[in-house]
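The values are calculated or read from the model by the stated rules, or taken from the named source; none is laboratory data. Just so we're clear, the structure is a prediction, and the values are computed from it rather than from any experiment. Using ideal geometry, Cβ is built from the backbone for each residue, glycine included, and neighbour counts are taken over all protein chains shown.
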Amino acid sequence: MVKRILAIIFILVIGFWIANALAKVPFGEDKMLVGKYYLENVKEQTGAINAVTAVVVNYRGFDTLGEVTVLFIASTGVAALLWRRREERSAEVDGSLILKTGSRVLLPFIMLFGAYIFIHGHLTPGGGFPGGATIATAFLMIYLAYKEYEIDHNLFEPLEGLSGVSYVAVGLIGLAIGGYFLFDWIWQIWEVGDIGRLLSAGFIPIIYTIIGIKVGTELTGIIDRMIKESKEVEG
């Protein structure tokens, strides 16, 4: 009985707090001033048709760099925790004939679709993160189909590091030319008439390509570690 009374009191206090907060909201007034600014100026300032992409990569590009950095730190942390372990595939049998055949047929199309997603991110919904994740699913499919398959770490790890350095380099060039990090110095080259074409929107397609490669390689590396059985190294 006491618990019910306390619960009712708690609900009433929370309800009063919410009602008091809502009473102070000036309903009916336009709160989309920032959003309207982006929608009205996105083409002129960035050359991108997709306003969401322009916000994520251009206006809010520094935050996107932070998101990529978080993924890199997570991948590095996993590698640091397992650096004294020997990793081997735990699967004892190959996948079915259907899975093998399907993986061989679909692999190039999945990777092509992933590349399309991040290359056309300034024109259509998409971007580096979904494009990179799509590419990683192609390698996951190969892992499930073939027990002996393993990615080429000599290729994936340098490519992952190079993509991250490239992102920072593009931002630093903008800092040197325009005075602030991730200044879109490439957009100054393209004419306004290029809007809507593949080669438009300044450095947005370049940034999304870099992010797509980095996300794809990092997620594939995580898949590689998760799908293996770790064994302690003796001595």
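Quick look at the values:
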{"read-out": "Evaluation of PHE183 against (1) surrounded by 18 or more Cβ atoms within 10 Å (Cβ to Cβ); (2) in contact (Cβ under 8 Å) with a residue 40 or more places away in the chain (one fails), failing number", "value": "(2)"}
{"read-out": "In segment 118-142, the residues that are hydroxyl-bearing (Ser, Thr, Tyr) and modelled with pLDDT under 85", "value": "THR124"}
{"read-out": "Residue selected from segment 189-229 under the condition exposed (fewer than 15 other Cβ atoms within 10 Å of the Cβ) and among the small types (Gly, Ala, Ser), by the criterion modelled with the highest pLDDT", "value": "GLY196"}
{"read-out": "Test result for PHE109, under 23 Å from LEU219 (Cα atoms), surrounded by 19 or more Cβ atoms within 10 Å (Cβ to Cβ) and under 22 Å from the mean Cα position of the chain (by Cα)", "value": "no"}
{"read-out": "Matching residues, segment 125-182, being among the hydroxyl-bearing types (Ser, Thr, Tyr) and within 16 Å of the chain's Cα centre (by Cα)", "value": "THR134, THR137, SER163, SER166, TYR167"}
{"read-out": "Number of positions in segment 141-182 that are among the acidic types (Asp, Glu) and in a helix (DSSP H, G or I)", "value": "2"}
{"read-out": "Restricting segment 31-47 to residues that are at pLDDT 80 or above and among the aliphatic types (A, V, I, L, M), the residue that is nearest to ILE206 (Cα to Cα)", "value": "VAL42"}
